[in-house]
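S.K.: The structure under discussion is supplied below as C-alpha cells; questions concerning it will follow.
Laboratory data are not the source of any read-out in this text; all were calculated from the coordinates shown. Just so it is clear, the model here is predicted, and its values are computed rather than measured. In this analysis, Cβ positions are derived from the backbone assuming ideal geometry, glycine residues included, and neighbour counts consider all displayed protein chains.
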C-alpha cells in the first residue's frame, strides 16, 4: 500500500510540470534507447480494469508531454499503472496492440514506442506500461468546442463537415480493417524501462533482457482465459484480444468498433485540417452476438467502464440477450459528436440539463432536440409537464442564435436513430457527408 501511495505521490510531483523545467535535474526517463525529459502533465484518468480475479479496483493512467533530450522532439507519454500483475498488464497491452494494428492508417493515432517497467519500490507483481505517442499541439476537438463556448463563436460549417468526414474515413479503417490497410505489424520485443534524473550514466548492469510481446499481450490473455474455466467463456468472448498472432489475408475484412468516439478522443493535427482518432483502449471486435445473459452483463459492464456516457449508444446501456453489438455504436457516437460541435455539448447532456432528467433515460428514449426546435422529438414516450416544459421553452427561446443548416441536421438525425439497424453504416454516412459538403458554400478555416 505504501509503495503504491509513493508512486501516486511521484505522479503528483510530476503534475507540477510547468515549474520542473526551471530546475536542473528535471525528471527524465529512458525508454529503451532514448532519453526523455518530462515537461508537464497533460492529463490523467481513472482506469477501472475488469479482471477475472476477484478485484474490482483499477489503476491510474497519466499522459505527460516529454522531450527527447537529443533531438528535442516532443511526444506524449501515456503511463498506465497495472497494479495487479500479468492480467492487468495484458489488458493494457490490448491498447498497445490496437496502436500497432492501425499503424498504417493516417487518421488513427499510432505508438512511437512502448515498454513495460517494474517501478522502483513498487509492490510485488505490479507493473507500469509506458506508451509513446505523437504530440499534437492543437489539442483535440473538445478543446475547439470549449474555445467556441468561451469566445461565443462557432465552427464554419463546411470546415466542420470536412473534419467530420475525416473522422468518418478514419473510423472506416476500423470498421473495415484489412491487414494491408491498417498495419498488422509483427509484435516487437520490449525492453525494460529505466527512470532516472538525467545525469546518471549507465552503470554496467549488463544487457537488457528482451521479452516477447506475445507473452505480454494477446497470447497471455488467451492462456489466462483458458485457465479461468468454461464458466467464463462468455465474458472472455467480450474481452478477447485484438490480435491473436495473425492478420487478415489480402481481401479479408475484420471489423472493430472504437466504442468511445467523442470530441475529446479526436485530435487535430498540426496543420489544423486532419482529425486523428485516439484512445484505442476501448476498441472491441465487431460484431459480438449476445448469446447469454452473462455475456450481456459483461458487455454492458465493459461499456460502462470504457464508453463515455453522453456519447454511448443506447444498446450499450441495456444489453439484451439475442441482440448483436456491432459498429453501429460508433455511428451513434458520431452523431453525438457532430451535435456537440454544433451546440457545445452532447444532445443528451443538453436534454438532461434542460429537463433535470436522467441522462441514460434520455439516451434510451432517444429524447433530444436541436436548441431551436420544439419541446419534444419523435421516438420518445410521454411528454414533459409543468416546470420541466417551461424550462425547455426558455432554453429554446434563448437558443435562436444557433444556426445549423438543414442537411447537417439530417446527418445528426440519421445517426441518432435508437434502433441500430436504422442508422447508416460507415460507407453510407460518408456518402451522406460528402453530398452535404458539396452543397455547403465555401467558408473560412477553423
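S.K.: Classify region 66-128 from the C-alpha gyration tensor, please: rounded if a/c falls under 1.5, else prolate or oblate depending on whether a/b exceeds b/c.
M.R.: Because a/c hits 1.5 or more and a/b fails to exceed b/c, region 66-128 counts as oblate.
S.K.: Moving on. Fewest first, what order do 363, 131 take by the number of other Cβ atoms within 10 Å?
M.R.: On the way: 363 29, 131 23.
Going from least to most buried by this count: 131, 363.
S.K.: Say each of residue 406 and residue 373 gets a label point 7 Å from the Cα, pointing the same way as Cα to Cβ; how far apart are those two points in nm?
M.R.: 1.4 nm
S.K.: Here is a follow-up. Want the number for residue 413 to residue 255: 0.36 nm per residue separation, take away the alpha-carbon distance, what's left? Please list the in-between numbers first.
M.R.: Details: separation 158, 0.36 × 158 = 56.88 nm, distance 2.44 nm.
Result for the pair: 54.4 nm of gain on full extension.
S.K.: Let me ask something else. In nm, what is the difference between 0.36 nm times the number of residues separating residue 142 and residue 103 and their Cα-Cα distance?
M.R.: Extra length available between residue 142 and residue 103 comes to 11.6 nm.
S.K.: Work out how much length residue 422 to residue 73 would gain on full extension: take 0.36 nm times their residue separation and subtract the Cα-Cα distance, in nm to one decimal. If you can, show how the numbers build up before the last one.
M.R.: Numbers: separation 349, 0.36 × 349 = 125.64 nm, distance 4.62 nm.
Here the answer is 121.0 nm.
S.K.: Rounded if a/c is under 1.5, else prolate if a/b is larger than b/c, else oblate: which is region 300-348, with a ≥ b ≥ c the root eigenvalues of its Cα gyration tensor? Numbers along the way, then the final one.
M.R.: Numbers: a/c = 2.82, a/b = 1.94, b/c = 1.45.
Prolate shape, in that a/c is at least 1.5 and a/b is the bigger ratio.
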